[in-house]
Amino acid sequence: MIKDAAEQVKANIEKVIVGKGESIELALVALLCEGHILIEDVPGIGKTTLAKAIARSLGCTFRRIQFTPDLLPSDITGISFFNQKTQEFEFHPGPILTQILLADEINRATPRTQSALLEAMQERQITVDGETMPLPRPFLVLATQNPIELEGTFPLPEAQIDRFLLKVKLGYPSEDDENAILLRFEQDDPLATLAPVMESQSLLALQDEVRLIHVDEAVRQYIVQVARATRQNAALELGASPRATLALYKTAQALAAIRGRAFVIPDDVKYLAPAVLAHRLLISPQARLRGRNREQIVQEVVATVPVPVES
């Protein structure tokens, strides 16, 4: 059931996004875990288009926030104002009260504004003027950022980066894919006519089903060992948090379900580790000077951990 639904959503997204099957599969993993996605790449690759295609495929309520340096926390969460006609305070909800939130160029907002998302991303609620309000479910933040242009940007704090379930990179298309993009967008924008193929309640049911995917004790121990190995690596100043360990566990269940299995295998963990762990890690200055990146280090760490085998 999960595999069929995932393939249907993936095929719908691929009506707009060309040649990015792995990135779309990772996005579907996050959706099934009700986790947030950080899409990072250079301008013009299709980050915002991917986010919109995901939202439109799910039939969920969708809002977009264009993050800028002058954006205020109240522009995200909403404000309470005094209505002179009724002589009472009324709450005007912000765009965060939605199911799918596109945080476009999230690193252009100030740290104060970025922090307005922390409670929402972790606890799926917001607090305004001392009053706590739950957010609708499913609640997913799809955030985009440009890693190249640093002028006028504010790096995301570690606490917020850790709340993104995984980070997706798109990369440049191949020559054939780029030619296919030109043909697909030659006359019309396929995003404008993209119809939903799943309802939000169906997504919630699939999320509950994913939690039933079996994880053998040996595979669970393997996940723990991979996470702990990042904390002991000399190239890293900050290793994976327990939240990252839990994220690797949940995403492995979702990937197994998407690929039509009722159980997790070590290859699921190895495949997901760079996307789930890398953005949470802090590289040492020496490793950075040697030109090493987080993904490479995660792959090296995974290679050092013994893979469980059937007895």
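Figures for the structure shown
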| read-out | value |
| --- | --- |
| Neighbours by Cβ (under 6 Å, 6+ apart or cross-chain): first from segment 111-128, assigned by TED's automatic domain parsing to the domain that holds Pro157; second aromatic (Phe, Trp, Tyr) | Pro111/Phe154; Arg124/Phe139 |
| Residue list for segment 192-224, filter: farther than 16 Å from Val264 by Cβ, in contact (Cβ under 8 Å) with a residue 12 or more places away in the chain and of a type in the set (Ser, Thr, Tyr) | Ser200, Ser202 |
| Within segment 266-289, tally of residues that are at pLDDT 95 or above and part of a loop (DSSP other than H, G, I, E, B) | 0 |
| Filtered residues of segment 26-83 (kept if at pLDDT below 85 and of a type in the set (Ser, Thr, Tyr)) | Thr48, Ser80 |
| Strands (runs of 3 or more DSSP E) within segment 120-194 that include 3 or more residues small (Gly, Ala, Ser) and under 30 Å from Glu14 (Cβ atoms) | none |
| Sole residue being closer than 14 Å to Leu170 by Cα and not in a strand (DSSP E or B), chosen from Ala27, Ala5 | Ala27 |
| Filtered residues of segment 90-102 (kept if touching a residue at least 24 places away in the same chain (Cβ under 8 Å), surrounded by fewer than 19 Cβ atoms within 10 Å (Cβ to Cβ) and not in a loop (DSSP other than H, G, I, E, B)) | Phe91 |
| Some residue of segment 210-225 being surrounded by 14 or more Cβ atoms within 10 Å (Cβ to Cβ), touching a strand residue (DSSP E or B) at 6+ places or on another chain (Cβ under 8 Å) and part of a helix (DSSP H, G or I) | no |
| Residue within segment 60-68 that is closer than 28 Å to Gly130 by Cβ, among the aromatic types (Phe, Trp, Tyr) and buried (at least 20 other Cβ atoms within 10 Å of the Cβ) present | yes |
| Scope segment 73-101; condition within 20 Å of Thr144 (Cβ to Cβ) and not hydroxyl-bearing (Ser, Thr, Tyr); matching residues | Pro73, Asp75, Ile76, Gly94, Pro95, Ile96, Gln99, Ile100, Leu101 |
| Where Lys167 falls short, out of the listed (1) farther than 17 Å from Cys33 by Cα; (2) assigned by TED's automatic domain parsing to the domain that holds Glu123; (3) touching a residue at least 12 places away in the same chain (Cβ under 8 Å) | (1) |
| Number of the exception - Leu166 against (1) at pLDDT below 90; (2) under 24 Å from Ala247 (Cβ atoms); (3) not aromatic (Phe, Trp, Tyr) | (1) |
| Residue list for segment 167-177, restricted to those being loosely packed, with under 13 Cβ neighbours inside 10 Å and charged (D, E, K, R) | Glu175, Asp176 |
| Output for segment 236-260, where each listed residue is touching a residue at least 60 places away in the same chain (Cβ under 8 Å), part of a loop (DSSP other than H, G, I, E, B) and either under 21 Å from Val301 (Cβ atoms) or touching a Cys at 6+ places or on another chain (Cβ under 8 Å) (or both) | Ser241 |
| Matching option when the condition is at pLDDT below 90 and of a type in the set (Asp, Glu), among Glu175, Glu158 | Glu158 |
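The values are calculated or read from the model by the stated rules, or taken from the named source; none is laboratory data. Predicted, not measured: the structure shown is a model, and the values here were computed from it. Glycine gets a Cβ as well: all are built from the backbone with ideal geometry, and neighbour counts include every protein chain shown.
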